[in-house]
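Visitor: The structure is given below, and queries will be raised subsequently.
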Amino acid sequence: METLSKKTAMKRGLKMTCPKCDNAPLFRAYLKPVESCASCETDWAKVRADDGPAWATMLIVLHMLAPLFHYLTFKLDLPSWAPILILGGLGLGLCLLLLPRMKGLFIGLIWATGAPTS
Ligand SMILES: [Zn+2]
């Protein structure tokens, strides 16, 4: 395996492109990585990110929503259903947006570190 910095591999994964060559998409469906890269033929099927992307997504999204929750609940005079609707919709949207990017980031990091794969 050629040497590539972890930072570069993670950035490429975050862009959802091949962490090795940056020339082809990393996913063939929402969270399903391609079997191998269409450009450099790196095998991505055996690099498993497991629960890391979900953990990172929740960590980021919940830290973004916590101050908003406080503001909407205690500073504004909104009906009680409004913060639930706003935070639920925003949280769902942010999770759906971030999850595949976090998976790409983790796949890039796992690949760049040469961690054992299944
Ligand atoms: Zn590639």
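No value in this document is a laboratory result; all are computed from the given coordinates. Model, not experiment: these values are computed from the prediction. Quick reminder, even Gly has a Cβ in these numbers, built from the backbone with ideal geometry, and neighbours come from all protein chains shown.
Visitor: For a quick protection proxy, order the peptides 50-58, 103-111 by their average other-Cβ count within 10 Å, most packed first.
Guide: 103-111, 50-58
Visitor: Next question, about the same structure. Rounded to the nearest whole Å³, what is the per residue volume of the convex hull around the Cα atoms of the stretch 23-77?
Guide: Taking only Cα atoms, the stretch 23-77 has a hull volume of 105 Å³ per residue.
Visitor: Could you give the angle, 0 to 90 degrees to the nearest 10, between helix 81-113's Cα long axis and the longest principal axis of the Cα atoms of the chain?
Guide: With both axes taken from Cα atoms, the answer is about 20 degrees.
Visitor: Considering Cα pairs under 8 angstrom that are at least six residues apart, work out the relative contact order of the chain and quote it in whole percent.
Guide: Result for the chain is 41 percent.
Visitor: Could you state the angle between the C-alpha long axis of helix 52-70 and the longest principal axis of the C-alpha atoms of the chain, as a value from 0 to 90 degrees rounded to the nearest 10?
Guide: So the inclination is approximately 20 degrees.
Visitor: Report, by chain and number, residues whose modeled amide H sits under 5 Å from the one on Phe27, excluding near sequence neighbours (fewer than 5 apart, same chain).
Guide: Distant-sequence amide H within range of Phe27: Val34.
Visitor: Could you pull the Rg and Dmax for the chain, using just the Cα atoms, both in Å?
Guide: Rg, Dmax (Cα atoms, Å): 17.7, 58.
Visitor: For Arg48, list long-range residues whose amide hydrogen, built 1.01 Å from N in the peptide plane, is under 5 Å from its own amide hydrogen.
Guide: Placed amide hydrogens put Ser118 under 5 Å from Arg48.
Visitor: What does the charge dipole of the chain about its Cα centre add up to, to the nearest 20 debye, if the Cβ of each Lys and Arg holds +1 and the Cβ of each Asp and Glu holds -1?
Guide: 180
Visitor: Using the Cα centre of the chain as origin and beta-carbon charges of +1 (Lys, Arg) and -1 (Asp, Glu), tell me which of Leu85, Ala9, Val47 is placed farthest towards the positive end of the dipole.
Guide: Comparing the listed Cα positions along the dipole, Ala9 ranks first.
Visitor: Number of Lys-Lys pairs in the stretch 6-113 under 23 Å by Cα, sequence gap 8 or more or different chains?
Guide: 23
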